[in-house]
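Readers should treat all values here as calculations from the given coordinates under stated rules, not as data from a laboratory. In this text, all values refer to a predicted model and were calculated from it rather than measured experimentally. Here the Cβ is made from the backbone with ideal geometry for all residues, glycine too, and neighbour counts use every protein chain on show.
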Amino acid sequence: MQNKARKLISSIKKPFLKKVPTPYPLLQGEYLKGRSAFITGGNSGIGFEIAKKFLENGASSIVIAGRNIEKNKKALAKLEKNKKYGSQSISYITIDLENIDESIKLVKNFLKSNAHHKTNILVNCAGIGIGEPIGKTSVEDYERVLKVNLEGTYFLSQEFYNYMVSHKISGNILNVLSSSSARPATTAYICSKWAERGLTIGMAKKFIKDNIVVNAIAPGPTATDMLGISPEKDGITLKNNPSGRYAMPQEIANLAVILTSDLGKLIVGDVVYATGGAGTITVDDITY
Ligand SMILES: NC(=O)c1ccc[n+]([C@@H]2O[C@H](COP(=O)([O-])OP(=O)(O)OC[C@H]3O[C@@H](n4cnc5c(N)ncnc54)[C@H](OP(=O)(O)O)[C@@H]3O)[C@@H](O)[C@H]2O)c1
């Protein structure tokens, strides 16, 4: 009788489990209730999942910033479907961080018009990783990478910092680095991530007196467009990563909630590596 019952239960469970093949528990709650976030790179990959998770955790306002207007519109439409409450506001702003002067202007205008939402979280997630390693790097590729990844993070953080201070807002700045920031810097991309790491610690030190907490997440290889990985089509196996797989962007988004909410209030100037071991325990994997 017991066996029969077990068989019946497992036959019910199996198809259900197939539909939810998540190796990652998802952080759900009201951890960001009433918070208002501006997320660069929010139209895609990790930034998009951060936007989604912020909404799931009760954020009252989300602005995603990306370069491609069509992607911004599509992401906005998807996020609208993920609203937890009807009152949540979601919008996009189209900026190209390769043009920093114009980006600063657009952000200044946005902040002037946004007094009502009082943005108190900035996530610097936009990033590109193009070009060849040192020895073959073109000046053009080097400059593009440094512009988007470093200059963008530097100057947007400066704008939001000044805005938060002048409006007496306590807030968070979260930078998305990479496991690369633990590896020898052989590319412009890795250089930019090392620099972002230094900037994270520097801003954390300078801004904490104004109640602005700065931290960073350093993901390892993550299943997004940047690596051309679609989990549904390709799966997430990655043999040369100690954990045997890619990270899912949702896992990185969980950490973003922790680092921008009261859950992580005592974490200041830290870089949280979420890499499956890539770059952290493999950094010296060379056989001499
Ligand atoms: N995937 C990984 O394995 C991995 C690992 C470690 C760290 N990261 C970091 O995670 C962050 C997000 O990457 P992802 O994996 O989510 O890749 P992704 O899906 O390609 O997203 C990159 C985002 O950056 C935006 N962006 C690129 N150039 C821009 C520009 N000039 N101006 C404004 N926005 C720009 C893109 O917007 P448009 O599409 O509109 O240009 C897009 O929203 C990056 O900083 C990356 O370095 C990724």
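Is at least one residue of segment 177-186 touching a residue at least 12 places away in the same chain (Cβ under 8 Å), within 16 Å of the ligand (Cβ to nearest atom), under 17 Å from the mean Cα position of the chain (by Cα) and under 26 Å from Gly29 (Cα atoms)? Looking for residues that are touching a residue at least 12 places away in the same chain (Cβ under 8 Å), within 16 Å of the ligand (Cβ to nearest atom), under 17 Å from the mean Cα position of the chain (by Cα) and under 26 Å from Gly29 (Cα atoms), one finds at least one in segment 177-186, hence yes.
Among the residues making up segment 259-288, those that are surrounded by fewer than 17 Cβ atoms within 10 Å (Cβ to Cβ) and out of contact with any strand residue (DSSP E or B) (no Cβ under 7 Å at 6 or more places or on another chain) are Asp262, Leu263, Lys265, Leu266, Gly277, Ile281, Val283, Asp284, Asp285, Ile286, Thr287, Tyr288. Selection of segment 74-119 for residues being among the β-branched types (Val, Ile, Thr), more than 20 Å from Asn172 (Cβ to Cβ) and assigned to a helix (DSSP H, G or I) yields Ile100, Ile104. Scanning segment 41-70 for residues that are within 9 Å of the ligand (Cβ to nearest atom) and part of a strand (DSSP E or B), we see that the one that is nearest to Leu27 (Cα to Cα) is Ile64.
Condition test on Leu122, is it part of a loop (DSSP other than H, G, I, E, B), under 21 Å from the mean Cα position of the chain (by Cα) and either closer than 15 Å to Gly41 by Cα or within 12 Å of the ligand (Cβ to nearest atom) (or both)? Judged against the criteria, Leu122 is not a match. Scan segment 115-170 for residues that are over 20 Å from Arg183 (Cα atoms), exposed (fewer than 15 other Cβ atoms within 10 Å of the Cβ) and not aliphatic (A, V, I, L, M) and report the count. Result for segment 115-170: 10. Residues that are free of Cβ contacts under 8 Å to residues at least 24 places away in the same chain, in a loop (DSSP other than H, G, I, E, B) and closer than 18 Å to Ala182 by Cβ do not occur anywhere in segment 251-274.
The set of residues from segment 52-75 being hydrophobic (A, V, I, L, M, F, W, C) and under 19 Å from Ser103 (Cβ atoms) comprises Ile62, Val63, Ile64, Ala65, Ile69, Ala75.
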